[in-house]
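Trainee: Got a structure for you, questions after.
The values are calculated or read from the model by the stated rules, or taken from the named source; none is laboratory data. Computed from a predicted structure; not experimentally measured. All Cβ positions, even for glycine, are placed from backbone atoms using ideal geometry, and neighbour counts span all protein chains on display. Each accessible area value is taken on the protein alone, full model and side chains, heavy atoms only, with ligands, DNA and RNA left out. Shrake-Rupley method; radii C 1.70, N 1.55, O 1.52, S 1.80 Å.
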Amino acid sequence: MSGVADSPLLELRSIHKRFAVPGHRAAVHALDDVTLAVHDREVVGLVGESGCGKSTLGRIVCRLLEPSAGERYWRGRPYAELEARAHRAERLAVQMVFQDPYASLNPRMRVARIVGEAPVVHGLVPRAQSDEYVAELLRRVGLDASLMRRFPHQFSGGQRSRIGIARALAVRPRFLVCDEAVAALDVSIQAQVLNLFIRLREELGLAYLFISHDLGVVRHVSDRVIVMYLGRIVESAPAAELYERPNHPYTQALILDVPHIEARRRRYTPIRGEIASPLAPPAGCHFHPRCPRAFARCREERPPLREVAPGHHSACHLNDIRSP
Amino acid sequence: MSAVLAVNGLRTHFFTRGGVVKAVDDVSFSLERGEVMGLVGESGCGKSMTGYSLMGLVDEPGRIVAGSIRLDGRELVGLEADAWRRLRGERIAMIFQDPMMTLNPVLRIDTQMVEAVLAHHRVSRACALQRCREALAWVGIPAPDERLRAYPHQLSGGMRQRVAIAIALVNRPALVIADEPTTALDVTIQGQILFEMQRLCRESGAALIWITHDLSVVAGLADTLCVMYAGRIVESGPVDAVLDAPLHPYTSGLLGSIPSRNVPGRPLSQIPGSAPPLDRLDAGCAFRERCARAGDGCHIAPSVTNPAAARTLRCVRPLR
């Protein structure tokens, strides 16, 4: 594939996304100057609480949404250049796996069509060979190929997740956006599907943007983890580094608050307050009203994302005090 | 010490056209004052139905077909609807997963809370309101007076769940059943609710049953743990014993599939297959189709054994 050498697989530069809210003059600033790069075969985890903009970011990456401002690049080339028909493979290269395995499959379609329709429409597979192709995909995601004449309601939650994954893989993507892809599953089924993601990455050389509220899951699958709070990236670091040396007070609180199997009859010391409304985010650092260490500057000035260790970025004014 | 709650051989079955669904099948456990028990299992294992049975909330075509539920020594199975109504909200209370479903959207918080008090106590409205105010403050709601005049939609998810907890606790019940009350909440809000519940049980002496699919949540909260599979408690005991030295292959499989117990990036150890439908169960161990240790003897219903003090187990081929 052509492209600028050594450029990331996918890059977002200064992405903003605003949603107008009926009845309100202010718009929700769902993404506020978000910059992100994902390299070939890299798994980037994205964590944050509801309303932090993680799903919006995922949808912008797969072009289900257009950003209000900012640029997206695929292998160093702006997305706008890829609109031409000649770049079909590039346009299909990013696919999405959705959260709800019940709502994201058309209940009136058989699996053969759910999985097989897109590759035929896009001319990747001749119609006559569609069933054969679907059978191969189903086997790849661990389903019996003989089930392809069935409807979604005839499958369990875990099997439906696998169908959703097979559908995403059908157009031979390089990059999957997984938005809470295992959140609806039971623990034992969740492990099976996570293992499938890990295996597919190895077999097909895929890159993932793995969006989840579950820090344990994200840590397990990700090379690098990004933490978002109210539309902004507050911290980004290699997975092990982030969990061992969280820099931002919000990340620290998140990691402390997560129930852990080894923490018995612990005394919870919760972080105070709730997430502010995205309609009226606090000035300065969005986290300052809940931050135990906030000071005057945090209320006025937005902290920039700065490198605090190799590959470890954090947006916190406290870092200016710590380091001379 | 006498138990607040003693459940013995409880069976709740549903008589459907397709056959008998044994949602709760020979379940026994007991709780003491201030004790927190975690009831853990995957969807459809009967953990919520166990909670509903304790509340007398099993609807047709389901009914309790056998067993006994004793609260403070008093038998609850077979009580009349009236007697149940006097107990519910007074001696036993339940907190549900979705507070939007528990709270009436068209009534103010004060109306709903005062109703809960007046249903059980002959006190003045002012006195009832004072109790509600105290209950809200107790669960960590700032400015309770303001919240009392609010409608549910004016509160955040975490705040609504606190209100639901306050309503459950307003009459100081002896037993609280919490059915996944933090599953719909964000991590930082979940931490706050867990903190409040822990404190409330310590202070009020209420026994708490925490129903969840998330072992990590009960690890930090519970004193004892019951693991349910296909309608039966397959293993129970003190939280440390069950989590550190599980005896049942299912418990061990569940623990093994938690990401933090695995090396990042490596395949998780997983339980193959999925749980059997509850109307297709035979007498044998329901887990044997998915169990690596299954063999001779697993076709016969495993009886409950006591492998150690305060521990129970339903397995003929345990891990230790």
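Trainee: Looking at this structure, is A:TYR73 touching a Phe, Trp or Tyr at 6+ places or on another chain (Cβ under 9 Å) and open to solvent by 30 Å² or more (accessible area, probe 1.4 Å)? I'd like the intermediate steps shown before the answer.
Mentor: Working: touching a Phe, Trp or Tyr at 6+ places or on another chain (Cβ under 9 Å): yes; open to solvent by 30 Å² or more (accessible area, probe 1.4 Å): yes.
In short, yes.
Trainee: Now for a separate question. Being at pLDDT below 90, facing chain A (nearest Cβ under 9 Å) and open to solvent by less than 10 Å² (accessible area, probe 1.4 Å) narrows it down to one residue among B:LEU194, B:LEU255; which is it? Before you say what the answer is, go through the steps one by one.
Mentor: Working: B:LEU255 fails: at pLDDT below 90.
None of the others qualify; the one that does is B:LEU194.
Trainee: Among the candidates B:ILE271, B:ILE300, single out the residue that is part of a loop (DSSP other than H, G, I, E, B), free of Cβ contacts under 8 Å to residues at least 40 places away in the same chain and touching a Phe, Trp or Tyr at 6+ places or on another chain (Cβ under 8 Å). Let's see the steps before the verdict.
Mentor: On the way: B:ILE300 fails: touching a Phe, Trp or Tyr at 6+ places or on another chain (Cβ under 8 Å).
Criteria check complete, one pass: B:ILE271.
Trainee: Just one of A:VAL217, A:VAL221 is β-branched (Val, Ile, Thr) and either open to solvent by 50 Å² or more (accessible area, probe 1.4 Å) or touching a residue at least 40 places away in the same chain (Cβ under 8 Å) (or both); which is it? Outline the logic, then answer.
Mentor: Values: A:VAL217 fails: either open to solvent by 50 Å² or more (accessible area, probe 1.4 Å) or touching a residue at least 40 places away in the same chain (Cβ under 8 Å) (or both).
Checking each option against the conditions leaves just A:VAL221.
Trainee: With the stretch A:213-324 as the region, which helices (runs of 4 or more DSSP H) entirely inside it contain at least 1 residues that are more than 11 Å from chain B (Cβ to nearest Cβ) and closer than 20 Å to B:ILE258 by Cα?
Mentor: Details: elements: A:215-221, A:239-244, A:249-257, A:296-300, A:318-322.
It comes to A:239-244.
Trainee: Additional query: Looking at A:GLY53, is it touching a Gly at 6+ places or on another chain (Cβ under 7 Å) and under 19 Å from A:PRO281 (Cβ atoms)?
Mentor: On the way: touching a Gly at 6+ places or on another chain (Cβ under 7 Å): yes; under 19 Å from A:PRO281 (Cβ atoms): yes.
Yes; evaluated as a whole, the condition is true for this residue.
Trainee: Continuing with the same structure: Of the residues B:PHE15, B:PHE29, which is of a type in the set (Phe, Trp, Tyr) and more than 15 Å from the chain's Cα centre (by Cα)? Break it down into steps so the answer makes sense when it comes.
Mentor: Details: B:PHE29 fails: more than 15 Å from the chain's Cα centre (by Cα).
Matching residue, one of B:PHE15, B:PHE29: B:PHE15.
Trainee: If you don't mind, another one. Say we look at the stretch A:186-212 and pick out the residues that are more than 9 Å from chain B (Cβ to nearest Cβ) and either among the basic types (Lys, Arg) or open to solvent by 10 Å² or more (accessible area, probe 1.4 Å) (or both); which of these is farthest from A:LYS54 (Cα to Cα)? Explain how you work it out, then say what you get.
Mentor: Taking the stretch A:186-212 and keeping what is more than 9 Å from chain B (Cβ to nearest Cβ), we get A:193, A:196-197, A:200-212.
Imposing the further condition that a residue be either among the basic types (Lys, Arg) or open to solvent by 10 Å² or more (accessible area, probe 1.4 Å) (or both) reduces the set to A:201-204.
Details: A:ARG201: 22, A:GLU202: 25, A:GLU203: 27, A:LEU204: 25 Å.
If we take residues in the stretch A:186-212 being more than 9 Å from chain B (Cβ to nearest Cβ) and either among the basic types (Lys, Arg) or open to solvent by 10 Å² or more (accessible area, probe 1.4 Å) (or both), then A:GLU203 is farthest from A:LYS54 (Cα to Cα).
Trainee: Given (1) part of a loop (DSSP other than H, G, I, E, B); (2) open to solvent by less than 10 Å² (accessible area, probe 1.4 Å), where does B:ALA219 come up short, assuming only one miss?
Mentor: So B:ALA219 meets the others, but not (1).
Trainee: How many residues are open to solvent by 10 Å² or more (accessible area, probe 1.4 Å), within 20 Å of B:ALA93 (Cα to Cα), touching a residue at least 24 places away in the same chain (Cβ under 8 Å) and not small (Gly, Ala, Ser) if we restrict to the stretch B:202-216?
Mentor: Counting residues in the stretch B:202-216 that are open to solvent by 10 Å² or more (accessible area, probe 1.4 Å), within 20 Å of B:ALA93 (Cα to Cα), touching a residue at least 24 places away in the same chain (Cβ under 8 Å) and not small (Gly, Ala, Ser) gives 1.
Trainee: Is it the case that the stretch B:62-80 has a residue that's hydroxyl-bearing (Ser, Thr, Tyr), at pLDDT 95 or above and not in a strand (DSSP E or B)? Show your work before the answer.
Mentor: Just the residues of the stretch B:62-80 that are hydroxyl-bearing (Ser, Thr, Tyr), to begin with: B:68.
Subsequent filtering for residues that are at pLDDT 95 or above retains B:68.
Filter once more, keeping what is not in a strand (DSSP E or B): none.
Looking through the stretch B:62-80, none of the residues is hydroxyl-bearing (Ser, Thr, Tyr), at pLDDT 95 or above and not in a strand (DSSP E or B).
Trainee: Restricting attention to the stretch B:161-179, does a residue exist that is in contact with an Asp or Glu (Cβ under 9 Å, 6 or more places away or on another chain), closer than 25 Å to A:VAL47 by Cβ and either surrounded by fewer than 22 Cβ atoms within 10 Å (Cβ to Cβ) or away from chain A (no Cβ under 14 Å) (or both)?
Mentor: Within the stretch B:161-179 (the criterion being in contact with an Asp or Glu (Cβ under 9 Å, 6 or more places away or on another chain), closer than 25 Å to A:VAL47 by Cβ and either surrounded by fewer than 22 Cβ atoms within 10 Å (Cβ to Cβ) or away from chain A (no Cβ under 14 Å) (or both)), the answer is no, since none of the residues qualifies.
Trainee: Okay, moving on. Considering only residues of the stretch B:20-54 that are within 14 Å of chain A (Cβ to nearest Cβ) and of a type outside the set (Gly, Ala, Ser), which is nearest to B:GLY237 (Cα to Cα)?
Mentor: B:MET37
Trainee: Report, by residue number, each residue of the stretch B:198-216 that is more than 22 Å from A:VAL187 (Cβ to Cβ) and not in a strand (DSSP E or B).
Mentor: Once the filter is applied, which keeps residues that are more than 22 Å from A:VAL187 (Cβ to Cβ) and not in a strand (DSSP E or B), the stretch B:198-216 yields B:GLN198, B:ARG199, B:LEU200, B:CYS201, B:ARG202, B:GLU203, B:SER204, B:GLY205, B:ALA206.
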